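A short write-up of the structure that comes next.
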Amino acid sequence: MMNKRVGALAALLLVIAVIGIGWWQLSQRSDLPEGISASNGRIEAERIAVATKLAGRVSEVVVDEGDWVEAGQAIARMDTADLDAQLRQAQAAVLQARQQKLQAEAILRQHRSELKTAEAEFARVEQLAAKGFDTQAQLDTQRTALESAQAAVASAEAGIPLADATIAAAEAAVDGVQSLIDDSRLTAPRAGRVQYVLEHPGEVVAAGSSIVTLTDLSDMYMTIYLPSRDAGRVAIGSEARIILDAVPDYVIPATVTFVASTAQFTPKSVETADERAQLMFRVKLTIAPDLLAAYQDRARAGVPGVGYVKVSDAAEWPETLEVRLPQ
């Protein structure tokens, strides 16, 4: 019996809340001229998760909640002791590969010198054999020596590209380790305000873990919901106004940047005109970035208010919705 009473009370409160919201929206609309629609909403801002690419220990976090950071500014740093050792090892491999190339080049020069000697000796023996001073056996022996010298030069020449490839592989390994070290230094991808510091120095985190969350105050908007009779007339780029509950004396200009192509919530069966009128569509009212830049110290996400939208090009803003900004 007690559960039934609690359920009935909850249902009654829900009905009262729905009626209250409907009355509030109706009262908001009653003072508006034809062609302007209104709905309550909340200021939102894009959140950016600054995450680590690698698993490891957090070495340092250099920002606090509420700090303003610029794009590229340092946020945190992961411990890189293991990576530093790998980098030194990779750099040593590069030096070794370069020394091996120097050695290969020296061997090539030696074999080329030997080839010149073999060519000269073969030419001398060939001339003597033609005059009958040397035997055919001596000529064949010298020819074999010449061919051996030529083969040695060819082998040494093939070693140079191999040495170059070894150097390139070693340098690529250095670049790979250096890239991981660079990724361990977390920076702000965009300017914004630090919303949350989620991890602290000494904590071990998994790859992809968020260390800090930023709020991008250059991309702030209000999401409202309009009935189908109004949403069907709203165009992308239409003028809008925002009045926040915290500062009702100011009227903030905005622009419609998104209108949902499908209803966000709807009855299960839509058959009558009254039911179709209950369809609600999400509309996004975006504040200009240059305006946000001028008032970034005052910008706050999560503040509730009311959004007003022109649903007719012929509509005129009333005096109460003329733009008024803090001086």
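What to note about this one:
- Residue match in region 29-49 (condition: modelled with pLDDT of 90 or more, outside any strand (DSSP E or B) and within 29 Å of GLN296 (Cβ to Cβ)): no
- Output for region 112-136, where each listed residue is farther than 30 Å from ALA158 by Cβ and among the β-branched types (Val, Ile, Thr): THR135
- Residue among VAL153, VAL174, VAL194 that alone is outside any loop (DSSP other than H, G, I, E, B), in contact with a strand residue (DSSP E or B) (Cβ under 7 Å, 6 or more places away or on another chain), of a type in the set (A, V, I, L, M, F, W, C) and not assigned by the TED database to the domain that holds ILE36: VAL194
- Of the numbered criteria (1) touching a residue at least 24 places away in the same chain (Cβ under 8 Å); (2) closer than 26 Å to LEU291 by Cα, the one ILE236 fails is (1).
- Residues satisfying the stated conditions in region 63-87, i.e. in contact with a helix residue (DSSP H, G or I) (Cβ under 9 Å, 6 or more places away or on another chain) and assigned to a helix (DSSP H, G or I): LEU83, ASP84, GLN86, LEU87
- Pairs, first of a type in the set (Gly, Ala, Ser) in region 209-226, second crowded, with 23+ Cβ neighbours inside 10 Å, C-beta under 8 Å, six or more apart: SER218/GLY192
- Taking region 111-137 as the range and being under 19 Å from ALA149 (Cα atoms), modelled with pLDDT under 80 and among the small types (Gly, Ala, Ser) as the test, only ALA137 passes.
- Close pairs (7 angstrom Cβ cut-off, 6 or more residues apart or separate chains): farther than 22 Å from SER113 by Cα and free of Cβ contacts under 8 Å to residues at least 24 places away in the same chain in region 124-152, surrounded by 12 or more Cβ atoms within 10 Å (Cβ to Cβ) and of a type in the set (D, E, K, R) anywhere: LEU128/ASP134
- Check on ASP230, part of a helix (DSSP H, G or I), of a type in the set (Asp, Glu) and surrounded by 19 or more Cβ atoms within 10 Å (Cβ to Cβ): yes
The values are calculated or read from the model by the stated rules, or taken from the named source; none is laboratory data. Treat the numbers as computed from the prediction; the structure is a model and nothing was measured. Don't worry about glycine lacking a Cβ; one is built from the backbone with ideal geometry, like all the others, and counts go over all protein chains shown.
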